[in-house]
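Working notes, beginning with the structure itself.
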Amino acid sequence: SLASTAITCFTRGLDLRKGTEDVLCPANCPLWQFYVFGDGVYASLSSVCGAAIHSGVITNAGGAVRVRTLPGQENYPAVNANGIQSQVLSRWASSFSVTAGTKSTALEAVGRSVSTARPSTGKRPKKTLDKKAGNKDCKADIAFLIDGSYNIGQRRFNLQKNFVGKVAVMLGIGTDGPHVGVVQASEHPKIEFYLKNFTAAKEVLFAIKELGFRGGNSNTGKALKYTAQKFFSLENGARKGIPKIIVVFLDGWPSDDLEEAGIVAREFGVNVFIVSVAKPTTEELGMVQDIGFVDKAVCRNNGFFSYQMPTWFGTTKYVKPLVQKLCSHEQMLCSKTCYNSVNIGFLIDGSSSIGESNFLLVLEFVSNVAKAFEISDIGSKVAAVQFTYDQRPEFGFTDYVTKEKVLSAIRNISYMSGGTATGDAISFTTKNVFGPVKDGPNKNFLIVLTDGQSYDDVRGPAAAAQKAGITVFSVGIAWAPLDDLKDMASEPRESHTFFTREFTGLEQMVPDIIRAICKDFLDSKQ
């Protein structure tokens with residue numbers, strides 16, 4: 001029969017049994033859940049639906065996909081496409097390719113899986129049906145920080161409102177689309193309306209029309225800092241996992257300093273854009289206290305986050321390019337994601353039962369997990385401790401701040417060989433490795449790798465680590481007793497405990513560990 005199998009966001013190539021299989025991908029899988037290796041030809045460890053979106057066969061709206069099993073290969077490349085960053089993999093035993101599923105197969109699947117996916121009937125649904133939902137492809141929670149100072153004056157203030165209204169309409173605001181709010185900057189900032197107040201473009205337009213001009217100095221720095229700290233709370237309508245954006249409109253130049261506000265916004269994971277209108281002329285520059293005010297405030301000084309309009313007149317042609325920027329969520333470098341906002345400490349068993357060649361497989365596992373994260377001085381960080389009866393810190397969180405250096409430090413770890421005192425090692429790591437970063441912005445994770453019974457108590461030290469805000473994953477190999485592994489793991493224990501009989505099984509666990517870290521990160525986000 002031609003019926004398709006409905007699968008989940010998590011289904012991997014290796015979970016499918018047939019040489020060629022028609023499957024149906026669900027809609028709206030969170031992109032962070034996708035774990036994809038390669039480009040065009042994907043390692044069978046990859047998520048099928050992730051590979052299908054990566055290769056452009058479907059969008060995040062889901063749909064029918066035909067999967068063909070292919071032989072394994074070496075050097076699957078990492079390529080960023082359609083909002084998904086695929087990963088490098090040096091070799092894997094089998095691969096697959098994806099092509100568009102046929103319409104008939106998708107239709108037949110309806111009877112079996114109405115709940116998981118809406119099949120594509122080939123006809124485009126009429127836009128009007130989904131007016132309420134808005135533009136689902138644009139994932140953004142946006143604060144428009146408008147200029148209400150004497151600089152801009154009443155007349156241009158009204159032109160600014162018209163422009164913001166046009167941007168709001170073109171964004172495609174809706175329940176599943178972008179949400180927007182407005183803050184007015186003048187002497188003191190005022191939140192005019194929040195993200196949660198309106199989910200239809202009509203209502204937003206009306207609210208923008210009603211805004212009154214406040215006047216006063218253009219204390220944009222003060223308003224930007226206030227907005228970054230106060231505007232995006234869950235109770236005010238910010239959504240988990242959706243990029244937070246502030247679009248600052250500035251007529252002329254600010255009366256105060258933007259540098260500190262820019263730092264605060266980045267710390268809060270907010271992407272700041274600056275739309276500057278009527279930039280200061282050469283004669284006016286003497287009045288500007290900091291000529292580089294745009295570069296200091298934007299998320300990244302790479303050109304993407306600054307936008308210029310010569311005047312407030314004839315701005316219609318500037319609407320669409322701005323909307324396209326605001327909707328490219330893969331460019332939102334300041335968003336906090338699980339990839340750029342975690343500290344991962346590896347506690348590596350160096351006991352004599354492991355042996356030299358298996359120890360190399362453990363290090364390869366550590367590298368493959370570390371490789372998935374964006375390691376930098378302002379991003380994620382990695383540390384490693386090896387233990388027997390003693391503990392040997394291999395490197396701390398602040399020792400290496402690039403991915404290359406971290407991976408080379410992991411490769412250079414030499415095998416200790418000795419006994420197994422896992423509890424002591426956990427206590428040591430909690431105090432000496434996580435202690436220095438405990439007040440930092442990143443979420444803390446400890447991955448304990450062990451192949452046997454510990455000589456000491458693990459439960460107390462693991463509970464203390466968890467109390468110190470560290471999420472503990474236990475990864476057991478060979479003779480590691482399940483009771484020990486569960487005693488160390490954070491709640492819910494099932495999803496924080498991993499086990500494989502053979503050291504060679506570590507490689508297949510890599511995506512599951514990364515996915516589990518991301519899930520915990522997302523669940524914990526304010």
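The values are calculated or read from the model by the stated rules, or taken from the named source; none is laboratory data. All values reported here derive from a predicted model rather than from experimental measurement. Neighbour counts run over all protein chains shown; Cβ positions are idealised from the backbone, glycine included. These accessible areas exclude ligands, DNA and RNA; they are computed on the full protein's heavy atoms, side chains included. Shrake-Rupley method; radii C 1.70, N 1.55, O 1.52, S 1.80 Å.
Once the convex hull of all Cα atoms in region 5-100 is built, its volume per residue stands at 71 Å³. Okay, which of region 347-384 sit inside 17 Å, backbone N to the point 7 Å along the Cα-Cβ direction of N432? Inside the label zone: 347-351, 383-384. Residue-wise HN-Hα couplings along region 256-262, as the Karplus relation 6.51 cos²θ - 1.76 cosθ + 1.60 with θ = phi - 60° gives them from phi, are 10, 8, 9, 4, 5, 4, x Hz; Gly and Pro carry x. If only the Cβ of Lys and Arg carry +1 and only the Cβ of Asp and Glu carry -1, the dipole of region 21-105 around its Cα centre is close to 100 debye.
What Kirkwood Rh does region 141-331 have if only Cα atoms enter the pairwise 1/r average? Answer in Å.
When all Cα pairs of region 141-331 are included, the Kirkwood radius is 16.3 Å.
Projecting the Cα atoms of A52, I375, F96 onto the dipole axis of the chain, where Lys and Arg carry +1 and Asp and Glu carry -1 at the beta carbon, places A52 farthest toward the positive end. Annotation: amide H-H contacts under 5 Å for A468 (H modelled 1.01 Å from N, sequence separation of 5 or more, or interchain): none. Here r is the Cβ-Cβ distance between D512 and N217 and R0 is 60 Å; the resulting FRET efficiency, rounded to 0.05, is 0.65. Summary of the geometry: region 235-251 and region 448-526, compared by the centres of their Cα atoms, lie 35 Å apart.
Taking a virtual spin label 7 Å from the Cα of Y389 along the C-beta vector, which residues in region 318-350 bring their backbone nitrogen under 12 Å of it? Taking a point 7 Å out along Cα→Cβ of Y389, no residue of region 318-350 has its backbone N under 12 Å. Take the Cβ atoms of E502 and S353, set R0 to 22 Å, and the FRET efficiency comes out at 0.95. Under 5 Å between amide hydrogens, built in the peptide plane, is the criterion, and for T5 it picks out D22, V23, L24 among residues at least 5 positions away or on other chains. Starting from the Cα of D523, step 7 Å toward the Cβ, then list every residue of region 434-464 with an amide N under 15 Å from that point. Under 15 Å, as judged by backbone N against the label point of D523, lie 444-446 of region 434-464. Subtracting the Cα-Cα distance of E260 and D137 from 0.36 nm times their residue separation leaves 41.0 nm of extension gain. Based on the Stokes-Einstein relation at 4 °C and a viscosity of 1.567 mPa s, and on the Kirkwood radius from alpha carbon pairs, region 276-368 is assigned a translational diffusion coefficient of 70 µm²/s. Between A78 and K325, the modelled labels are 2.7 nm apart [label points 7 Å from Cα along Cα→Cβ]. Modelled label-to-label distance, Y455 and Q308, 7 Å Cα→beta-carbon offset: nm? Going from the Y455 label point to the Q308 one covers 6.9 nm.
Per-residue 3J(HN,Hα) values for region 161-169, derived from phi via the Karplus relation 6.51 cos²θ - 1.76 cosθ + 1.60 with θ = phi - 60°, read 4, 4, 5, 4, x, 5, 4, 4, 5 Hz in sequence order (x marks Gly and Pro). Here the chain has an Rg and Dmax of 26.0, 78 Å, counting Cα atoms alone. What you get for the chain, charging only the Cβ of Lys and Arg (+1) and of Asp and Glu (-1), is a dipole of about 2580 debye around the Cα centre.
Between the listed residues N219, Q184, A207, the Cα displaced farthest toward the positive end of the dipole of region 183-234, a dipole computed from Cβ unit charges relative to the Cα centre, is found at N219. Inter-label distance, E210 to K196: 1.8 nm, where each label sits 7 Å from its Cα along the C-beta direction.
Please list, by residue number, every one of the trypsin sites (Lys or Arg not before Pro) in region 163-244 that is coil in DSSP and has at most 11 other beta-carbon atoms within 10 Å.
Working: sites: K166, K190, K196, K202, K209, R214, K222, K225, K230, R239, K240, K244; in loops: K196, R214, R239, K240.
Passing sites in region 163-244 are K240.
Annotation: amide H-H contacts under 5 Å for F193 (H modelled 1.01 Å from N, sequence separation of 5 or more, or interchain): V182. The antiparallel fraction among DSSP beta bridges confined to the chain stands at about 35%. Per residue, region 485-526 exposes 46 Å² of solvent-accessible protein surface, assessed with a 1.4 angstrom probe and all protein chains in place.
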